[in-house]
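Below you'll find the structure, written out as structure tokens, and then a few comments.
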Amino acid sequence: HVQLVESGGGLVQPGGSLRLSCASSGAVSDTYSRYSLAWFRQAPGKEREGVASISVYDTPHYSDSVKGRFTIFRDNAKKTLYLQMNSLKPEDTATYYCAADRISSWYAPETLAPSRYGYWGQGTQVTVS
């Protein structure tokens, strides 16, 4: 059962902005505030890489490539995760995935590892050109 669904992707010019959303359902939605959340991206021929994460305490963490340009935030009332993407670059082009899992401890570098997350959306395409 799909418990995370991304939306908001599209085609944007370099320097433009997009806001991605990740709606939840099922088990993730039932106890949403207990889940650590993250955004990942994957370009053709490349491995999935962590973009940004946010803890149950709203502590964010970003990859170096997006610091200062992207903002991750969560709305526990709406049970939705967001990624505000500004100053987009062609190298940001990828399929973007949201992910969720219960993580008992928070060591920021580890929160951008795909293996830490068990729930995944199907992805939304972001093309910067």
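Under 8 Å for C-alpha pairs, at least 6 residues apart: give me the relative contact order for the chain, rounded to a whole percent.
Rounded, it is 36 percent for the chain.
For K79, go through the lysines and keep the ones whose alpha-carbon is under 26 Å away, minus same-chain ones fewer than eight residues off.
By straight Cα distance, K79 reaches K67.
Of the heavy-atom accessible surface of the chain (probe 1.4 angstrom), what whole percent is carbon and sulfur?
Summing carbon and sulfur atoms, their accessible area is 48 percent of the total for the chain.
So what's the back-of-envelope 222 nm ellipticity for the chain, counting only DSSP H runs of four-plus at -39500 (n - 2.57) apiece and dividing by all residues, rounded to 500? Walk me through the intermediate numbers first.
Numbers: 1 runs with 5 residues, N = 129.
Counting only the DSSP helices, I get -500 deg cm²/dmol.
The values are calculated or read from the model by the stated rules, or taken from the named source; none is laboratory data. Predicted, not measured: the structure shown is a model, and the values here were computed from it. Only protein heavy atoms, including side chains, enter the accessible area calculation; ligands, DNA and RNA are left aside. Shrake-Rupley method; radii C 1.70, N 1.55, O 1.52, S 1.80 Å.
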